[in-house]
Amino acid sequence: MTEEPKGFEQEPDVPSEAGDKQPEAAAKAAGSADEAGPAAPAADGDAKELTALRAQLDQVRTALNERTADLQRLQAEYQNYRRRVERDRVAVKEIAVANLLTGLLPVLDDIGRARDHGELVGGFKSVAESLETVAAKLGLQQFGKEGEPFDPLVHEALMHSYSPDVTQTTCVQILQPGYRIGERNLRPARVAVAEPQPGSHAKDEAAEKKADDEETGGPDEG
């Protein structure tokens, strides 16, 4: 008898769908593992970067505030400097004008005396009036009038007398007018003053009391 040759054993057929699904499932599992692993470190890195950016922003804001304060301080100092310079400029100008006008006061006194004596005539009158006009434009003001109360801050008493016609120390004669420029007195007014007559105040009080008694019908009787 002859033996028949054994044939190759055939492997059982595996469904194609099952074979395809196994690699796909493995890939998903691997992807899930990749996502779960690096996700946490990436989130920590973003948080640290955000914290660093916030710190840098705070530093920039602090520096900006400091520079703004420095700028405001410099601006205030500059404004104060400008005010000081302007004040000094005005003061220097006033001093220069005051010195000039002080030197002209004797000339103005001569003009005043010439006017009082009727000698201010002709061309001299025109020159004198022009000089007075220029002095007035520079701010020169004359003060001192008869009849005004005596003020030692602006008056200089050269003569003294008593008078029953005054109730307080009064300028009764202007011997030399005073001059000022602005609030600065260049020269006090030189005057003759009169004080109330000694005892006249008591007489006035007695006269006033008598007049009051007459109006009320005499002194009150006890």
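The values are calculated or read from the model by the stated rules, or taken from the named source; none is laboratory data. Note that this is a predicted model, so its numbers are computed, not measured. Positions of Cβ are generated from backbone atoms using ideal geometry, with glycine treated the same way; all protein chains shown enter the neighbour counts. Heavy atoms of the whole protein, side chains included, go into the accessibility calculation; ligands, DNA and RNA do not. Shrake-Rupley method; radii C 1.70, N 1.55, O 1.52, S 1.80 Å.
Out of the residues in region 142-158 that are more than 16 Å from Asn185 (Cβ to Cβ) and open to solvent by less than 100 Å² (accessible area, probe 1.4 Å), which is nearest to the chain's Cα centre (by Cα)? Walk me through how you get there before you give the answer.
Going residue by residue through region 142-158, those that are more than 16 Å from Asn185 (Cβ to Cβ) are 146-147, 149, 158.
Narrowing further to those that are open to solvent by less than 100 Å² (accessible area, probe 1.4 Å): 147, 149, 158.
On the way: Gly147: 41, Pro149: 37, Leu158: 44 Å.
My answer is Pro149.
Does region 123-130 contain at least one residue that is of a type in the set (Phe, Trp, Tyr) and surrounded by 16 or more Cβ atoms within 10 Å (Cβ to Cβ)?
There is no residue in region 123-130 that is of a type in the set (Phe, Trp, Tyr) and surrounded by 16 or more Cβ atoms within 10 Å (Cβ to Cβ).
Can you name every residue in region 174-195 that is within 17 Å of Arg113 (Cα to Cα), touching a Phe, Trp or Tyr at 6+ places or on another chain (Cβ under 8 Å) and of a type in the set (Val, Ile, Thr)?
Selection gives Val191 alone.
Is it the case, given these coordinates, that Gly112 is on the phi > 0 side of the Ramachandran plot and small (Gly, Ala, Ser)? Let's see the steps before the verdict.
Details: on the phi > 0 side of the Ramachandran plot: no; small (Gly, Ala, Ser): yes.
The answer is no for Gly112.
Applying the selection to region 174-222, what residues are at pLDDT 90 or above, farther than 13 Å from Gln142 by Cβ and of a type in the set (Val, Ile, Thr)?
Hits for region 174-222 are Val191, Val193.
When you check Asp109 against the structure, is it under 30 Å from Ala194 (Cβ atoms), of a type in the set (Asp, Glu) and in contact (Cβ under 8 Å) with a residue 60 or more places away in the chain, yes or no?
Details: under 30 Å from Ala194 (Cβ atoms): yes; of a type in the set (Asp, Glu): yes; in contact (Cβ under 8 Å) with a residue 60 or more places away in the chain: yes.
Considered against the rule, which asks whether it is under 30 Å from Ala194 (Cβ atoms), of a type in the set (Asp, Glu) and in contact (Cβ under 8 Å) with a residue 60 or more places away in the chain, Asp109 comes out as yes.
Condition (residue is β-branched (Val, Ile, Thr) and touching a strand residue (DSSP E or B) at 6+ places or on another chain (Cβ under 7 Å)) applied to region 128-142: is it met by at least one residue?
Taking region 128-142 and keeping what is β-branched (Val, Ile, Thr), we get 133-134.
Next, only the ones that are touching a strand residue (DSSP E or B) at 6+ places or on another chain (Cβ under 7 Å) stay: none.
No.
Taking interchain pairs and intrachain pairs at least six residues apart, which have beta carbon atoms under 7 angstrom, with the first residue in region 168-191 and free of Cβ contacts under 8 Å to residues at least 60 places away in the same chain and open to solvent by less than 40 Å² (accessible area, probe 1.4 Å) and the second among the β-branched types (Val, Ile, Thr) and not in a loop (DSSP other than H, G, I, E, B)?
That search, which allows pairs on different chains as well, returns Thr170/Val193; Cys171/Val191; Cys171/Val193; Ala189/Ile174; Val191/Ile174.
Of the residues that make up region 77-91, is at least one assigned to a helix (DSSP H, G or I) and at pLDDT below 90? Give the steps one after another, and end with the answer.
Initially, region 77-91 is screened for residues assigned to a helix (DSSP H, G or I), giving 77-91.
Applying the additional criterion that residues be at pLDDT below 90 yields 90-91.
Yes, region 77-91 has at least one match.
Would you say Glu94 is more than 30 Å from Gln197 (Cα to Cα) and in contact (Cβ under 8 Å) with a residue 12 or more places away in the chain?
Numbers: more than 30 Å from Gln197 (Cα to Cα): yes; in contact (Cβ under 8 Å) with a residue 12 or more places away in the chain: yes.
Criteria met by Glu94.
Considering only residues of region 107-122 that are of a type in the set (A, V, I, L, M, F, W, C) and in a loop (DSSP other than H, G, I, E, B), which is surrounded by the fewest Cβ atoms within 10 Å (Cβ to Cβ)? Spell out how you get there, then give the answer.
Kept after step one, since they are of a type in the set (A, V, I, L, M, F, W, C), are these residues of region 107-122: 107-108, 111, 114, 120-121.
Narrowing the set further to residues that are in a loop (DSSP other than H, G, I, E, B) leaves 120-121.
Details: Leu120: 17, Val121: 10.
It comes out as Val121.
Mind checking whether some residue in region 95-110 is modelled with pLDDT under 90 and among the acidic types (Asp, Glu)?
Here is the first cut: in region 95-110, the ones modelled with pLDDT under 90 are none.
No, that holds for no residue.
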